[in-house]
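These notes are about the structure you will find just below.
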Amino acid sequence: MNDDGGRSAADAGPAVLAFDVGGTDMKAGIVLPSGRIIGLQRLATPRSAEAPGDAVVSKIEELAADFRDRYPDYPFSAAGLIVPGLVDETRGTGILSVNLGWTDFPFADRARARLGLPVAFGHDVGAAGDAEFRFGAARGAADAVVLVVGTGIAGAVFSDGRRLAGGGYAGELGHAPVPDPDRPGATTILEAVGSAGAIAARYATATGRNVDGSQEVLALASAGDPVADRIWNEGIAALAFGIVQCVSILGSETIVIGGGISQAGEALLAPLRARVEELLSIHRRPLIVPASLGQNAGLIGSALKARELLVPTGPAREAS
């Protein structure tokens, strides 16, 4: 929640500064212990062909100075920074972002030097998953997958109560192989069929008609367009295939669907649950639910990581 009002008793304790850098835009705000966000800002992600990582760090330094000036009553003692792509949270490094252009960029070290604060660093979808796992739709589950389905697909995978890191490679479910509906017997990657971006792009390719995202494809399918119906259901089948792999291998008990495609609600979730049921055999049936924290889940997750630098047991107490 964005709120510039005064502090309450639930906000006793250190405030932190949080940054959520996405492929298109970024969010920033001061986050209080209750989860209240002070001075929430949304802006375009800075881009630079020559120095993409430095462009991001320069922007967060600028934003931090602005927050200090505008909100002196909310001093922050640490910062959280999350970015997309492949991430090594232990080394504080952005391994690779194809969309934004960095390779092996030392985000944590650069941000600490520029902000003069302890900085927690992580993956954007991983942090959003942490927030959903602790406070949101996956709360109470030991084994869960938080799947963010937008232009692409990424996930946060939890097993026995811990998020799997895999050296930064765990959770790249968008690149998991699935059957290719356009080439029988062949495979493609999940996000080439099941992402919101792919659903819109595949419909445009099949019909020569550009659409305004996957929601328009769903609307066309609901109105009786057979091509839209096929493309939408092929996307659901691909998502179900990926989910079933998680359930089969990890025993996932809760699957949280976030991102833009989750706005479809039961028009997505009901057939997705049915398809998953068809594919499973001896496995336990997962609860498939929409994300509950909305677009600020990543920012909340970023703040959780920052607060752990100050109060290592804080998030566990807050979740109780």
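Within this structure, Ile261 fails the test of being open to solvent by less than 10 Å² (accessible area, probe 1.4 Å) and at pLDDT 95 or above. For Ala79, are the conditions met, namely being touching a Pro at 6+ places or on another chain (Cβ under 8 Å) and modelled with pLDDT of 95 or more? Yes: the conditions hold for Ala79. Within the stretch 168-189, residues that are over 28 Å from Asp124 (Cα atoms) and of a type in the set (A, V, I, L, M) reach partners that are open to solvent by less than 50 Å² (accessible area, probe 1.4 Å) and not in a helix (DSSP H, G or I) with beta carbons closer than 7 Å, at six or more positions or on different chains, in the pairs Ala186/Asp180.
Residues in the stretch 119-147 that are under 12 Å from Val289 (Cα atoms) and aliphatic (A, V, I, L, M): Ala137, Ala138, Ala144, Val145, Val146, Leu147.
The values are calculated or read from the model by the stated rules, or taken from the named source; none is laboratory data. Computed from a prediction, not measured in an experiment: that's the story for all the values here. So basically every Cβ, Gly included, is an ideal-geometry build from the backbone, and we count neighbours across all protein chains shown. The area values use the complete protein model at the heavy-atom level, side chains included, leaving out ligands, DNA and RNA. Shrake-Rupley method; radii C 1.70, N 1.55, O 1.52, S 1.80 Å.
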